[in-house]
Structure formats: structure tokens, C-alpha cells
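Colleague: One structure coming up, written as C-alpha cells, with questions to follow.
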Amino acid sequence: MKKLFLDDLRSVEMIYDSSLSNDFDIVRTYEDFVTYVQENGLPDFISFDNDLGLDDKGEVAPDGYAAAKWLVYESGLDLRKLKFHVHSANPVAAEQIEGLLNNYIRFLNSKDGSV
């Protein structure tokens, strides 16, 4: 099972049991997230942080919500089998990510009658 951990600062052990740390590939930026998915395909599980720090110019970097939006609107991937968890400390952003992904997956399932 392929697992991806998106977080700019935290390690897997800070969120999950330390015995799971080797199960995850870690990406620290939106750009690395997109590149990882393009090169490796959709993982079975994604753990999302939202706030991903600052970019090279000192401006707010694209966040976990941007990564979720990329999956839904640009990736062209079938997300119906995707499992995910949002571990962000930002409750509003966590709800946005969960809502976007859950609603899109529900939409895909309704299109093929698998609701």
C-alpha cells in the first residue's frame, strides 16, 4: 500500500505510531506533492497538512487545500479508491480539504451508480 505524507515540518511519528514511519513517502511542498503523484501515480492513502510554510520568496506557499484541489480539478485521476486523513492543526482548512475530497468522491460514485 502506497502512502503519502504531505507536511512541511512534521515527521510521520508526530502524527502516527512510529512503527508506521517507513510506510510513508514524505513530501514537504505542494510542488513536490504534484511531482510525486505525476511520477508515482495516486497513492492508496494521503495524509494532508494544510499550512505548508513560506515559499522561496517569503510568501505563503501553496497549501494542502491547493494539493487537494489539484487532485480534483487538474490531475485527471480517479479518486474513488483514495483513502485520506487531514492532520492539519488548522480546523477550517482541514474541513475544506475533507469536504472537497469527500464531495468529489461521492460525486464520482454517484456517476457510476456506486453510491
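The values are calculated or read from the model by the stated rules, or taken from the named source; none is laboratory data. Given the structure is predicted, the values throughout are model-derived calculations rather than measurements. Glycine also receives a Cβ, built like all others from the backbone with ideal geometry; neighbour counts cover every protein chain displayed.
Colleague: Yes or no: region 5-19 includes at least one residue that is under 15 Å from residue 85 (Cβ atoms), out of contact with any Phe, Trp or Tyr (no Cβ under 9 Å at 6 or more places or on another chain) and surrounded by 13 or more Cβ atoms within 10 Å (Cβ to Cβ).
Modeller: The answer is yes; a qualifying residue exists.
Colleague: Name every residue in region 1-16 that is of a type outside the set (Val, Ile, Thr), farther than 12 Å from residue 70 by Cβ and at pLDDT 95 or above, in order of residue number.
Modeller: Answer for region 1-16, where residues must be of a type outside the set (Val, Ile, Thr), farther than 12 Å from residue 70 by Cβ and at pLDDT 95 or above: 2, 3, 4, 5, 7, 8, 9, 10, 11, 13, 14, 16.
Colleague: Could you go through region 66-73 and let me know if any residue there is among the hydroxyl-bearing types (Ser, Thr, Tyr), over 21 Å from residue 1 (Cα atoms), out of contact with any strand residue (DSSP E or B) (no Cβ under 7 Å at 6 or more places or on another chain) and in a loop (DSSP other than H, G, I, E, B).
Modeller: no
Colleague: Is it the case that region 93-101 has a residue that's assigned to a loop (DSSP other than H, G, I, E, B) and surrounded by 16 or more Cβ atoms within 10 Å (Cβ to Cβ)?
Modeller: Checked region 93-101: no residue is assigned to a loop (DSSP other than H, G, I, E, B) and surrounded by 16 or more Cβ atoms within 10 Å (Cβ to Cβ).
Colleague: Restricting to region 43-62, give me the number of residues that are assigned to a loop (DSSP other than H, G, I, E, B) and either more than 10 Å from the chain's Cα centre (by Cα) or aromatic (Phe, Trp, Tyr) (or both).
Modeller: 11
Colleague: Now a separate question. Where the second residue is not in a helix (DSSP H, G or I) and the first is on the phi > 0 side of the Ramachandran plot and lies in region 52-73, which pairs have Cβ atoms under 7 Å and are six or more apart or on separate chains?
Modeller: 53/8; 53/61
Colleague: A further question follows. Taking into account only those residues within region 14-42 that are outside any loop (DSSP other than H, G, I, E, B) and of a type in the set (A, V, I, L, M, F, W, C), which is nearest to residue 3 (Cα to Cα)?
Modeller: Within region 14-42, the match that is nearest to residue 3 (Cα to Cα) is 24.
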